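Each remark here refers to the structure printed beneath this line.
The values are calculated or read from the model by the stated rules, or taken from the named source; none is laboratory data. Since the structure is predicted, the reported quantities are computational estimates derived from the model, not experimental observations. When we count neighbours, we look across all protein chains shown, and the Cβ atoms used for this are built from the backbone with ideal geometry, even at glycine. We work out accessible area using only protein heavy atoms, side chains counted, and drop any ligands, DNA or RNA first. Shrake-Rupley method; radii C 1.70, N 1.55, O 1.52, S 1.80 Å.
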Amino acid sequence: MDKLVIEGGVPLSGEVSVSGAKNATLPILCASLLTAEPLAVAHVPHLHDVTTMLALLAQMGVTISTDEKLGVELAAARITGPVAPYDLVRTMRASVLVLGPLTARCGEARVSLPGGCAIGLRPVDQHIKGLQAMGAEIAIEHGYITARASRLKGARICLDLVTVTGTENLMMAATLASGATVIENAAREPEVVDLAKCLNAMGAKIQGAGSDVVMIEGVERLHGARHRVMPDRIETGTFLVAAAATGGEITLRDARPEILDAVLEKLREAGAQVTSGPDWIALKTNGALNSVSVRTAPYPAFPTDMQAQFMALNSVARGTALVTETVFENRFMHVQELKRLGADIEVEGNTAVVKGVAHLDGAGVMATDLRASASLVLAGLIARGTTTVDRVYHLDRGYERIEEKLSRLGARIKRVR
Ligand code: EPU
């Protein structure tokens, strides 16, 4: 198992490019199931989760070719097995994103229930409720969701809570339904908008993506298309926090500042100077940072996927911050590990009280989930001495060549077996 060894204390400086967004790529790859014609996807990040999704789609009969320029072409001329088995879904919950497209295109799907994971229970009841509203017959048997429908019918669906992959699954299913579907209380995340853009390029009729009401007029069939994946806003935010917390100065290319308002605002509140243009963001610091309280909530509020990284920043900032997690019930696994580095953090319910300390000291820590791992890498960059982050495979699921990019910014970080 790989580890990252970090010698902390170097302010990051320089320029790096942001990769394609993991959470946009995964649903977009699944959209290929909706048409017999090829879908060409560009700016695909080289990540473990993307490889897992491609393996799942290939297993269903999708033909996949890749090029060296981060391009993937997928052709689902015939779907031979509309099944997502437990061994794949278990390792990547986003596999549930095949449920909507398979039911719409094949009239049947068998997808393993994902089960709980490190950050919470994460049920998929809203995905199921939406498909049932569209006329699918759903059975839960032997740990699998089985969906059947001769053709899905447009419906009015009001989601009980905001769910990103739930909205995406139902939006994909509705593209091939007969009649119109309205999804109320839809997720407004930019990744939902990117998926809608790809689906519309394939001939779907979707309006309102990015708002909380998405309208989809079903069509008989979709066709092939080309789509370039949006930049990863969480990777962007993670590098900005790394630069801020180490007292550095960086520029991120191929970024989209307009989808990071809540994060950029918090960085400014902490005392960092942030400037941006249409496709770049630059950050520099001027002395020590102030603590910033954050409360996670669905977009456009502060993202849960940036909570752990701000916890690392707050652990060495001036003052006390309250970090409140409202999206997932168990997303504080990094707290115990940050404490091993000397952070002063107490958890009360869904709030962590973070008192800034003068410095962190390097130690061995263990990654537990993707964003928790990112916060430990940031803490390692801040800390005095050597930090070893174990179980780096969590990080490889969502950050493309993180140690390479950080090295380019001057960090002393290496991967060891
Ligand atoms: N929920 C339900 N029922 C459902 C669906 C969701 O109760 O049917 C609950 C969840 O348990 C959670 C909340 O609703 O408490 C929100 O979950 P959501 O469905 O929005 O999360 P997701 O779609 O499974 C995506 C991202 C996550 C990100 C969340 C929130 C992808 C592939 N994953 O997950 O990304 O944290 O939205 O923004 O898009 C990550 O990249 O590290 C990651 C975990």
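Descriptive notes on the structure:
- Short to long, the 5 Å bins of the Cα pair-distance histogram for segment 212-322 hold 2, 11, 21, 20, 16, 9, 6, 5, 4, 3, 2, 0 percent of all pairs.
- Mean separation of Cα contacts under 8 Å (6+ apart) over length of the chain, as relative contact order %: 21
- Accessible-area ranking of M134, M1, largest first, probe 1.4 Å: M1, M134
- Segment 251-303 - charge dipole about Cα centre, Lys and Arg +1 at Cβ, Asp and Glu -1, debye rounded to 20: 160
- Only Lys, Arg (+1) and Asp, Glu (-1) charged, at Cβ; the chain dipole about Cα centre in debye: 320
- Of N185, A243, L195, farthest towards positive along the dipole that unit charges on Lys, Arg, Asp, Glu beta carbons give segment 176-272: L195
- Ellipsoid semi-axes in whole angstrom, largest first, where each is sqrt(5λ) of the Cα gyration tensor of the chain: 38, 21, 20
- Apportionment of accessible area to carbon and sulfur, segment 123-166, percent (1.4 Å): 51
- Beta bridges from DSSP with both residues in the chain: antiparallel share about 70 percent, rounded to the nearest 5.
- Distance between the 7 Å Cα→Cβ label points at R226 and T320: 5.7 nm.
- Taking G166, G237, G349 in turn, the Gaussian network model of the chain (Cα-Cα springs below 10 Å) assigns the largest fluctuation to G349.
- Residues T388 and E15, FRET efficiency given R0 of 35 Å [Cβ-Cβ distance, rounded to 0.05]: 0.80
- Cα-only radius of gyration and Dmax that characterise segment 322-417, units Å: 13.6, 39
- D87 sits with roughly 90 Å² accessible to a 1.4 Å probe, with DNA, RNA and ligands left out of the calculation.
- In the structure shown, the pairs K69/K129; K69/K266; K3/K69 are assessed against 32 Å; a Cα-Cα span above that value is assigned to K69/K129; K69/K266.
- Normalised by the number of residues in segment 161-220, the mean separation of alpha-carbon contacts (under 8 Å, six or more apart) gives a relative contact order of 43 percent.
- In nm, spacing of pseudo-spin labels at E348 and Q207 (7 Å Cα→C-beta vector): 4.9
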